[in-house]
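The values are calculated or read from the model by the stated rules, or taken from the named source; none is laboratory data. The structure presented is a predicted model; accordingly, all values stated were derived computationally and were not measured. Glycine gets a Cβ as well: all are built from the backbone with ideal geometry, and neighbour counts include every protein chain shown.
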């Protein structure tokens, strides 16, 4: 982009450069913060999935025994007694980004006949609800990562724009204007000396 070779434009470019240099560290800090939080979320997902696998493992032996009993048809599977109604979330703020924060997993109230199900059905339902809660927690963390990743892409683009385009461009414009103004000043001095000599000769 062509710039005007004037003192006013030089001042404008210097002010712009100061603004870019002042704003860049804030953007870089935000970029680092977002990267760190995304890594934390990814680690949390790994932890939740590991805990969920452990909980599933503890429950699988019960479910296997119950499932192998031919007296209980598929429609009476204990898993049918655990149905998620909704995930309740709040909103949090990370580096200026509105993100979901898990609050509660609400289940549908399902009545069941204790004469039909084994004695440990209540314990199994609590265990299945815990397993379902891990899914909700993981989903919330994944939503958070998606939002933070989008913001990170935008922030990284701005950092690159400032570092690789705006700051070098402003510096180059200041340099070009400076050379031009210096040349103009030198030319003015030379013209002044020539005029003075002509005046002396004329006198």
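Key figures for this structure:
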item: Count - residues of the stretch 77-88 that are crowded, with 17+ Cβ neighbours inside 10 Å and outside any helix (DSSP H, G or I); result: 2
item: The one condition in (1) surrounded by 12 or more Cβ atoms within 10 Å (Cβ to Cβ); (2) in contact (Cβ under 8 Å) with a residue 24 or more places away in the chain; (3) closer than 30 Å to residue 78 by Cβ that residue 108 fails to fulfil; result: (1)
item: Some residue of the stretch 51-70 being modelled with pLDDT under 90 and not in a helix (DSSP H, G or I); result: yes
item: Condition broken by residue 132, with the remaining ones in (1) over 30 Å from residue 4 (Cα atoms); (2) part of a helix (DSSP H, G or I); (3) modelled with pLDDT under 90 satisfied; result: (3)
item: So residue 147, is it modelled with pLDDT of 95 or more, at negative phi and touching a strand residue (DSSP E or B) at 6+ places or on another chain (Cβ under 8 Å); result: yes
